[in-house]
Amino acid sequence: MNRFSSLTISKHVLKNRLVVAPMASQTSTLDGKVTDKTLRHYANLAQSQAGLVMVEYSFVAFSGRSEPNQLGVHDDDCIAGITAIAKAIHQAGAKAGLQLTHCGGKAQLDVCPDLMGPSGITVPAYDRILPTPKMMTLNDIAVLKKQFIDAAKRVELAGFDFVELHCAHGYGLNQFLSPLTNQRDDQYGGSQRNRARLIVEIIEQIKQQTQLSIMVRVPGQDLYPQGLTQMQIVESCEYFIDAGVVILDVSSGIGGWNRPKERRGEGFLVEEAAYLKQAGLQACIIGVGGIETANYIDTAIENQWLDLAAVGRAILKGPQAFAENVMMNGINQ
Ligand SMILES: Cc1cc2nc3c(=O)[nH]c(=O)nc-3n(C[C@H](O)[C@H](O)[C@H](O)COP(=O)(O)O)c2cc1C
């Protein structure tokens, strides 16, 4: 097996092991609609020859935006635009996935004036001091759940193959999973099962109400002191898989997606993916972090550190060049 091996996941055949990682393009209108620039961007990324192209974090509610010009899936008017993205990706021979997000307590007040999180705890971040969010009521949680489910239905109507819940990088669903930011004493806090409950409920409903294949982007660990451990993530992933998840996309947590200071070289988060692979979880595993060569991808597959390799910046800087260097010849380099 190597980077060219196809992979069947539920009803989808991925033509190879390369995934374009979700990357915010900041090309949408201020109310989250797709522009011509967004369409050209995804048509371009699909030239990488990846088997799966992920569309950037897209907000499920306007009040859950993280930044201006972020893509939205928050109302039915968004469907036409994202349908065109899915078409552009399919035309290049790739499967299409879209990532759903809500900022929870991780945003600035000018973008998200009603910041809210599971416990009203300031989300720790390495690069900035965030405002303190209000604590969500059970009704707020029910509303958030419905927003994710409704957004997933729009993703299905738009013709995507996969939908991904963004449970990493410190955003809203990560805040529910993490003991740092979730100190609730009801059914959504206390134990890891309870901290995973909201995500499990969303997955169950998406599975019931759509035909989409469901992915979660999870932290391999929070990579923040006293944050989520690798063991807690394994436990959470077991619940997610029982609920219907078929791909675990393993990134980082509360600390954000950047390379941790002490990590060097290609695959800077792949040891977290390998940990989940070794735990024997019954889902395909995506690893990420500074991956840019054919040799690294093949080695990671051969050693069973991951099933699929996600590449972000190396594709962003030149999808066609990436395809020529890494995906258009059978020679390891
Ligand atoms: C410009 C940019 C935007 C990003 N936006 C997202 C995003 O929308 N959702 C997400 O989960 N990760 C996002 N990331 C993180 C990437 O998906 C990926 O995990 C990270 O860049 C590490 O991979 P790389 O070293 O191959 O770039 C973004 C990264 C970059 C560079």
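The values are calculated or read from the model by the stated rules, or taken from the named source; none is laboratory data. Because the structure is a prediction, the values reported are computed rather than measured. Neighbour counts run over all protein chains shown; Cβ positions are idealised from the backbone, glycine included. The accessibility values were calculated without ligands, DNA or RNA, using every heavy atom of the protein model including side chains. Shrake-Rupley method; radii C 1.70, N 1.55, O 1.52, S 1.80 Å.
Surrounded by fewer than 18 Cβ atoms within 10 Å (Cβ to Cβ) and assigned to a helix (DSSP H, G or I): does that describe Lys33?
Spelling it out, it is not the case that Lys33 is surrounded by fewer than 18 Cβ atoms within 10 Å (Cβ to Cβ) and assigned to a helix (DSSP H, G or I).
Identify, from the list Thr101, Thr38, the residue that is β-branched (Val, Ile, Thr) and in contact with a strand residue (DSSP E or B) (Cβ under 7 Å, 6 or more places away or on another chain).
That would be Thr101, the only listed residue that is β-branched (Val, Ile, Thr) and in contact with a strand residue (DSSP E or B) (Cβ under 7 Å, 6 or more places away or on another chain).
Quick one: which of Ala96, Ala107 is open to solvent by less than 10 Å² (accessible area, probe 1.4 Å) and part of a loop (DSSP other than H, G, I, E, B)?
The match here is Ala107.
Just the residues that are open to solvent by less than 30 Å² (accessible area, probe 1.4 Å) and part of a helix (DSSP H, G or I), please, taken from region 36-67.
Thr38, Tyr42, Leu45, Ala46, Ser48, Gly64
Contact list please: Cβ distance under 9 Å, first residue in region 48-62 and at positive phi, second residue more than 11 Å from the ligand (Cβ to nearest atom) and in a loop (DSSP other than H, G, I, E, B), pairs at least six apart or on different chains.
Listed pairs, sorted by first residue: Gln49/Lys15; Gln49/Asn16; Gln49/Ala92; Gln49/Gly93; Gln49/Ala94; Gln49/Met328.
Test Glu324 against the criterion of being among the charged types (D, E, K, R) and either away from the ligand (no atom under 15 Å from the Cβ) or more than 30 Å from Gln205 (Cβ to Cβ) (or both), and give yes or no.
Yes, satisfied.
Among the candidates Ala273, Ala243, which residue alone is away from the ligand (no atom under 16 Å from the Cβ) and closer than 22 Å to Pro179 by Cα?
Ala243 is the lone residue from the list that is away from the ligand (no atom under 16 Å from the Cβ) and closer than 22 Å to Pro179 by Cα.
Report yes if some residue within region 240-247 is in contact with a Cys (Cβ under 7 Å, 6 or more places away or on another chain), open to solvent by less than 10 Å² (accessible area, probe 1.4 Å) and farther than 23 Å from Leu130 by Cβ; otherwise report no.
Yes: region 240-247 contains one or more residues that are in contact with a Cys (Cβ under 7 Å, 6 or more places away or on another chain), open to solvent by less than 10 Å² (accessible area, probe 1.4 Å) and farther than 23 Å from Leu130 by Cβ.
Between a first residue in region 265-281 that is in contact (Cβ under 8 Å) with a residue 24 or more places away in the chain and over 16 Å from Arg313 (Cα atoms) and a second residue that is open to solvent by 40 Å² or more (accessible area, probe 1.4 Å) and assigned to a helix (DSSP H, G or I), which pairs have beta carbons less than 6 Å apart while being 6 or more apart in sequence or on different chains?
Cβ pairs passing all conditions: Tyr275/Gln230.
Looking at Val234 and the list (1) out of contact with any helix residue (DSSP H, G or I) (no Cβ under 7 Å at 6 or more places or on another chain); (2) open to solvent by 10 Å² or more (accessible area, probe 1.4 Å), which single condition is not satisfied?
With respect to (1) out of contact with any helix residue (DSSP H, G or I) (no Cβ under 7 Å at 6 or more places or on another chain); (2) open to solvent by 10 Å² or more (accessible area, probe 1.4 Å), Val234 is out only on (1).
Just to check your reading of the model, which residue among Val123, Val155 is farther than 27 Å from Leu52 by Cα, in contact (Cβ under 8 Å) with a residue 40 or more places away in the chain, surrounded by 15 or more Cβ atoms within 10 Å (Cβ to Cβ) and among the aliphatic types (A, V, I, L, M)?
After applying the criteria, what remains is Val123.
Considering region 203-262 alone, what residues qualify as being among the β-branched types (Val, Ile, Thr) and not in a loop (DSSP other than H, G, I, E, B)? Walk me through it before giving the result.
Start the filter on region 203-262 by keeping residues that are among the β-branched types (Val, Ile, Thr), which leaves 203, 206, 210, 214, 216, 218, 229, 233-234, 241, 245-247, 250, 254.
Correct list: Ile203, Ile206, Ile214, Val216, Val218, Ile233, Val234, Ile241, Val245, Val246, Ile247, Val250.
Give the residue, chosen from Leu173, Leu198, Leu180, that is touching a Gly at 6+ places or on another chain (Cβ under 6 Å) and either closer than 20 Å to Met135 by Cα or modelled with pLDDT under 95 (or both).
On inspection, the qualifying residue turns out to be Leu180.
Please indicate, with yes or no, whether at least one residue in region 194-208 is in contact with a His (Cβ under 7 Å, 6 or more places away or on another chain) and not basic (Lys, Arg).
no
For region 276-317, which residues satisfy the criterion of being open to solvent by 20 Å² or more (accessible area, probe 1.4 Å), within 14 Å of the ligand (Cβ to nearest atom) and in a loop (DSSP other than H, G, I, E, B)?
Gly290, Glu292, Thr293, Lys317
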